[in-house]
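The structure appears right after this line, and notes come after that.
The numbers here are math on the coordinates, done by the rules we state, and not lab data. Quick caveat, the model's predicted, so the values are computed rather than measured. Methodologically, a virtual Cβ is constructed for each residue, glycine included, from the backbone with ideal geometry; neighbour enumeration extends over all protein chains shown.
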Amino acid sequence: MKSINKNELKTKNIILIITSVSLLIIGILFFLEDYISFIDGDKIFYVVMLLYFGLEFTNYLLTKKMTGMNSLYISLVSLMASVSGILYGSKDTSLVITITLGCWMFAMLIIKLIRIENLRNNLNVSVFVNLFTMSMFILLGFLTLVNIYKEISNITMMLGFFFVVYGILNLIETIANIKLCKIPLN
């Protein structure tokens, strides 16, 4: 990566925090499914994937000098998840959402592993925070996928729970990386 100045680091950190908080808010919106009448409850997941694509692609465009290709990869994976909902959304809902979310999570894990490897190669202390959040992401994903596939509870509520916790994990990871690397936020 090219060298970057303090203002660019501040911009990157603010954008990462905004993305994490947006995920948290999106997760909360899942719980308001009864009040959102213009979207079918089963289609909200694909709309969220489209919104996440937009957030990450904007993040990539604004910070590509600082973050590399991770945001672009995340945005492309999210776009593919959204397109799968358009193509296969009329099929068995719980199965399609489970497969889509599972594939999205697997791709996200690969992206996270690449990021952790880069941090490890640079001897960055924040690698441990990233390993912890990745482990929690795996646990969260497994519990969500099993619950959705077995239809133990409401799919929309489970997806809301998933995105709330995922947003919190991203926020923890971002703030911990800022603090551990002593990168100024203001």
Self-check item: Theoretical FRET efficiency, 1/(1+(r/R0)^6), r = Cβ-Cβ of Ser135 and Leu61, R0 30 Å, to 0.05
Solution: 0.50
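Here is the link list: Lys12/Lys112; Lys43/Lys179; Lys12/Lys43. Which ones come out longer than 26 Å on Cα distance? Don't skip to the answer; put the middle values down first.
Values: Lys12/Lys112 18 Å; Lys43/Lys179 38 Å; Lys12/Lys43 31 Å.
With Cα atoms farther than 26 Å apart: Lys43/Lys179; Lys12/Lys43.
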